[in-house]
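Note sheet for the following structure.
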Amino acid sequence: MEEKQLVHRDIKPANILLNKDGDIKICDFGVTGDLSKRSEYTVRTGDPLYRSPQRETCAIESDMWAFGMTLLEVINGKHPFAEPDPNNIAWMIDKWKPEFSTKISDDINDLVSSLLRKDRQNRPSSYADILEKPCICGVSTMPTDDVRKFIRDIIKSIL
C-alpha cells in the first residue's frame, strides 16, 4: 500500500481475514486514502474505536495507531474502550496509558507501544519500520503445520 501511496484508514480486527492455511489479508478498502492527495481529505473516517487521537485524516501514522489498537485487542482478548460510549473515546485516550501483558514478549510489547504513541510523529511512519522490528523480521511468512492446525481448530469451533 505504501508503494502505491495508499493508507487503509479503517484497520481493525473485522477487516483482517485469516484463512484455514494461516494466510492473512486486509479487506474493506472502502475508505482508503491517497497519500499524495491527503490535503483533499477533510472528514475523519474509520471506526472510532481504532481512530488515532490526532485529527489527521489521511496518514500512515493513523493506520499504525489502528494496528496497535488491533494488536492490543488481540493480545488482551478485548478492546480497551469496548465498554464506554464510543463518542467519548477521543477524550478518554488523552488520559489513557496502554497496559501490556506480562505473557507477551518484550519485543511484541515494544512494537505495540511504538504503534500507540499519542504523538503521531513518534509512531512508525512506514510499513518498513514495522517489518524491521525484532518480533517480526525473523518470523517465517509460511505458517507451521501446528499453526495451521490451531487456526483450523478455531475456525471449526466457531462455525
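The values are calculated or read from the model by the stated rules, or taken from the named source; none is laboratory data. None of these values were measured; they are calculated from a predicted model. For neighbour counting, all protein chains shown are included, and Cβ atoms are generated from backbone atoms with ideal geometry for every residue, glycine included.
Side notes on the structure shown:
- Checking every residue in segment 111-122 against the condition of being surrounded by 11 or more Cβ atoms within 10 Å (Cβ to Cβ), closer than 20 Å to GLU2 by Cα, at pLDDT below 90 and touching a helix residue (DSSP H, G or I) at 6+ places or on another chain (Cβ under 6 Å) gives at least one match.
- Considering (1) of a type outside the set (S, T, N, Q); (2) over 14 Å from the mean Cα position of the chain (by Cα); (3) closer than 22 Å to MET1 by Cα; (4) part of a loop (DSSP other than H, G, I, E, B), the lone condition that PHE100 does not fulfil carries the number (3).
- Qualifying residue in segment 7-28 (condition: surrounded by 13 or more Cβ atoms within 10 Å (Cβ to Cβ), part of a loop (DSSP other than H, G, I, E, B) and modelled with pLDDT under 85): no
Residues are listed down the side, and each one gets a yes or a no for (1) of a type outside the set (D, E, K, R); (2) in contact with a helix residue (DSSP H, G or I) (Cβ under 9 Å, 6 or more places away or on another chain); (3) within 18 Å of LEU131 (Cβ to Cβ):
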| position | (1), (2), (3) |
| --- | --- |
| HIS8 | yes, yes, yes |
| LEU18 | yes, yes, no |
| ASP23 | no, no, yes |
| ILE26 | yes, yes, yes |
| TRP65 | yes, yes, yes |
| THR70 | yes, yes, yes |
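- Considering segment 53-85, and only residues there that are among the hydroxyl-bearing types (Ser, Thr, Tyr) and modelled with pLDDT of 85 or more, the residue that is surrounded by the most Cβ atoms within 10 Å (Cβ to Cβ) turns out to be SER62.
- Residue, surrounded by the most Cβ atoms within 10 Å (Cβ to Cβ), within segment 123-143, restricted to residues that are in contact with a helix residue (DSSP H, G or I) (Cβ under 9 Å, 6 or more places away or on another chain) and in a loop (DSSP other than H, G, I, E, B): ARG123
- For ASN88, the conditions (1) polar (S, T, N, Q); (2) in a helix (DSSP H, G or I); (3) surrounded by fewer than 17 Cβ atoms within 10 Å (Cβ to Cβ); (4) modelled with pLDDT of 85 or more are fulfilled apart from (4).
- Subset of segment 52-79 [more than 11 Å from the chain's Cα centre (by Cα) and not in a helix (DSSP H, G or I)]: PRO53, GLN54, ARG55, GLU56, THR57, CYS58, ALA59, GLY77, LYS78, HIS79
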